[in-house]
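Reviewing the structure listed below.
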Amino acid sequence: MPNKSYQNNQIILSNIITSNEILFLANYFCYRGIRKIRLTGGEPLLRSDLQQIIKDLNELKCQHKQFNEIAITTNGVKFKKYAENLIIAGLNSVNISLDSLKSEKILKLTGQSTFKHSMAAIIKAIEVGFKSVKVNCVVMKNFNEDELCDFVELTRYLPIEVRFIEYMPFSGNDWELSKLFSYKQMLNIIQNSYPNLICLNEKSFDVTKLFQVSGWLGKIGFITSMTENFCAGCSRLRITADGNLKICLHDNYEVSLVGILRNKMNSHIINDWFADKSNYNLKQSIQLNEIYDQLDEIVDQALTKKSASHKGAIQLASSVNRSMVQIGG
């Protein structure tokens, strides 16, 4: 993102969610049945405690059998340096954001020369053996739709999934309908160049429409939020960097979870629990369950507000919402 976006988001730093709060909420949502946790941003590798957070989350997997995947989304700039330590800590999957294979376009888009870092991150992720390596590419008309087949070519010899994402409106990203390049337009271009493209899933509510060029190592996918939403199959919840729960990426409704955790009495109980889990007595356990009950009430209420389908692109463009860097992608 351009430097301007980072400056606009400094306001959240004083309220940023702590590692203990992340782990407490992760433990709570494990009891609610979550199977996967993805750490996003901004840029998660800017957190000095990221490796420890992943290590602690990995320990939760031993306690909650249905929780089986820890993932991150990163721009890849710092990833190569930390990749081996992250996989040792317990990271399973990585998504690397890369909107162009041309360094001059990346510089224009982000204000930084990060292309080589992102490509090095992709290769490193494959080398160290991550369970899943995905490349996220937001496709914009008159910017990078001419590179679709170049991205597809990455899947010829690399065991990755390139995901083409329809350009979505968020605060501060200058979205215009004229910049939207639809899934069907993308697919048409790719099928014309690769007639042996195979569809790998048929369910209309799958989050990703998945394809593969026959015989190639990798796959391509399409995130079609704007033209063919997948709300019926979406079971995702988001917690923002300042600790709010968002039930939908495209809905501005959110509720504070850290507000409950930072209640004076609750924060004292939680801190004691982190200090010595092994000696936690029955009374303190009851107090913890009371905090879970408070979270249950607010989460259940939020879930009742989850719509069957989000608004259309034009309506979303005129709606008030956070920027993508504040929500987490």
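Side notes on the structure shown:
- Each Lys or Arg adds one and each Asp or Glu takes one away; over the other residues whose Cβ falls under 10 Å from the Cβ of residue 216, this sums to +1.
- Test item: Cα-centred dipole of segment 64-218, Lys/Arg +1 and Asp/Glu -1 on Cβ, debye: 360
- When the alpha carbon gyration tensor of segment 74-160 is reduced to an equivalent ellipsoid, the three semi-axes, largest first, read 23, 15, 9 Å.
- When 228, 254 are sorted by how many other C-beta atoms sit within 10 angstrom of their C-beta, beginning with the fewest, the order is 228, 254.
- Across segment 42-178, the mean sequence separation of Cα contacts (distance under 8 Å, 6 or more residues apart), normalised by length, yields a relative contact order of 20 percent.
- The shape of segment 16-81 comes out prolate: with a ≥ b ≥ c from the C-alpha gyration tensor, a/c is at least 1.5 and a/b beats b/c.
- Anisotropy class assigned to segment 106-150 is oblate, per the alpha carbon gyration tensor with a/c at or over the 1.5 cut-off and a/b no larger than b/c.
- Which listed pairs, of 81/134; 78/141; 108/184, have C-alpha distances above 25 Å, in listed order: 78/141; 108/184
Read the figures in this text as sums done on the coordinates, not as results from a lab. What you see is a predicted model; the values in this text were computed from it and never measured. All Cβ positions, even for glycine, are placed from backbone atoms using ideal geometry, and neighbour counts span all protein chains on display.
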